[in-house]
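Pasting in a structure now, in structure tokens, and then I'll have a few things to ask.
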Amino acid sequence: MLKAGVLGAGHLGKIHLKLLNQSLKYELVGFYDANKEASEKIVQEFGYKSFQSMEALIDACDIVDVVTPTIYHFDCAKKVIEAGKHLFIEKPITNTVEEAETIRELAKKHKVKGQVGQVERFNPAFSAVNHQISNPMFIEAHRLAEFNPRGTDVSVVLDLMIHDIDAILSVVKSDVKTVTASGVSVISETPDIANARIEFENGCVANLTASRISMKNMRKARFFQKDAYISVDFLEKKCEVVKMKDAPKNPDDFAMILTNAEGIKKQIYFDNPTVDPNNAILDELETFADAINNNTTPIVSLSQGTEALRVAMQVIENFKII
């Protein structure tokens, strides 16, 4: 069991504490949070050990889980890595691409592993179909959330859209060519609604929309590729796979047959995989333990976290504010 500690014990930090404490792959040694009053409440309620300093917690751990506000990610991660400890860090990896690249290089130098908390990669609906997303040429994603002041310390792109950016980068095997974007500020000082169009070198186009002032929650993505349509509902944890193949000469009575303009007949069939329920946060934490113990690359590496941030920053830099 790897000795794990948590930096930052806010809403998400408390979830990580609970799951690390439950996991058979970790021994939770405790946490550090600069808010002494909040720390004391957590100690009294859950019995977790509160450390008096960040350095003391890091010294007691094999792996440190950074769940602080994003502005503190770089300083915390730097201390963790330079102490020779493995790093799990919530998304976005850091506040700037330059900071992310520094963290990535430091991890190589100190020979420690790092994973970024892009939890949607572990969503069971996405896990059930991502191996079938082979060469998507058009992608559409909508991530809408009801207003929550807790997320407004960062742009809606870094808070919400980055989930879809990371998922898309994991299945599109091509470099980004161009990014165009627009955003609308309604409540916050930065855009609360954003739309981005990402074009890849191979011709794939991704159209992403994110909002944090919606009347309802929605987290859906659709992937279109040759002879297949794949949809993922990250919120409802459902997926749908619709495929087409050349129609047989003598289809049965229930076969769905389409004929295109050239007279070619295609049969439509559904190939919906089973979605196995899971706890995505627990899975991302435990697969990181596996990567450390087996000396393999984490599922969401520091490099991938950096690239997701790089594209997210391109979206922000190309904003046409409305």
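Rounded to the nearest 20 debye, what is the charge dipole size of the chain about its Cα centre when +1 sits on each Lys and Arg Cβ and -1 on each Asp and Glu Cβ?
Dipole of the chain, to the nearest 20 debye: 340 debye.
Over 17 Å, how big is the tail of the calculated P(r) for the stretch 143-215, in percent of all Cα pairs?
42
Go ahead and run the numbers for FRET between residue 175 and residue 147, Cβ-Cβ distance against an R0 of 41 Å, rounding to 0.05.
Efficiency, rounded to the nearest 0.05: 0.70.
Additional query: How many nm is it between the label spots at residue 227 and residue 244, if each spot is 7 Å from the Cα in line with the beta carbon?
Those two pseudo-labels are separated by 1.1 nm.
Still on this structure, please answer the following. Please report, as a whole percent, how much of the solvent-accessible surface of the chain comes from carbon and sulfur atoms (probe radius 1.4 Å).
That fraction is 50 percent.
Considering only DSSP states other than H, G, I, E and B, which trypsin sites (Lys or Arg not before Pro) in the stretch 64-148 qualify as loop sites with at most 16 other Cβ atoms within 10 Å?
Taking the stretch 64-148 and a limit of 16 other Cβ atoms within 10 Å, the loop trypsin sites (Lys or Arg not before Pro) found are 111.
For residue 78, list the lysines whose Cα falls under 24 Å from its own Cα; do not include residues on the same chain fewer than 8 positions away.
By straight Cα distance, residue 78 reaches 3, 14, 36, 49, 91, 108, 109, 111, 113.
Could you pull out the chymotrypsin sites (Phe, Trp or Tyr not before Pro) across the stretch 215-281 that fall in loop regions by DSSP (anything but H, G, I, E, B) with no more than 16 other Cβ atoms inside 10 Å?
Answer by residue number: 254.
Pick out, in residue order, every one of the trypsin sites (Lys or Arg not before Pro) in the stretch 188-255 that is DSSP loop and has at most 16 other C-beta atoms within 10 Å; say none if there are none. Walk me through the numbers on the way to the answer.
Details: sites: 197, 212, 216, 219, 220, 222, 226, 237, 238, 243, 245, 249; in loops: 212, 216, 226, 237, 249.
Those satisfying the criteria are 216, 226, 249.
Can you list the residues, at least 5 places off or on another chain, whose amide H is less than 5 Å from the amide H of residue 6, using H built in the peptide plane?
30, 31, 32, 65
Can you check what the Kirkwood hydrodynamic radius comes to for the stretch 1-130, Cα pairs only, in Å to one decimal?
15.0
Quick one: compute the contact order of the chain, relative version, from alpha carbon pairs under 8 angstrom and 6+ residues apart, as a percent.
19
Using Cα positions and a limit of under 17 Å, work out the aspartates and glutamates in reach of residue 85, with same-chain residues fewer than 8 apart set aside.
List returned: 27, 55, 59, 62, 65, 75, 105, 286, 290.
Here is a follow-up. Would you grab the residues whose amide H sits under 5 Å from the one on residue 213? Only those 5+ places off in sequence or on another chain, please, with H modelled 1.01 Å from N.
Those qualifying (amide H under 5 Å, at least 5 residues apart or on another chain) are 145.
Across the stretch 224-322, how many lysine pairs, 8 or more apart or on two chains, come within less than 17 Å at their alpha-carbon atoms?
Qualifying lysine pairs in the stretch 224-322: 10.
Express in whole angstrom the spacing between the alpha-carbon centres of the stretch 279-322 and the stretch 34-88.
Cα centroid of the stretch 279-322 versus Cα centroid of the stretch 34-88: 20 Å apart.
The values are calculated or read from the model by the stated rules, or taken from the named source; none is laboratory data. Nothing here was measured: the structure is a model prediction, and the numbers come from that model. Cβ coordinates were reconstructed from backbone atoms using ideal geometry, including for glycine residues, and neighbour counts include every protein chain displayed. Just the protein is used for accessible areas: all its heavy atoms, side chains included, with ligands, DNA and RNA removed. Shrake-Rupley method; radii C 1.70, N 1.55, O 1.52, S 1.80 Å.
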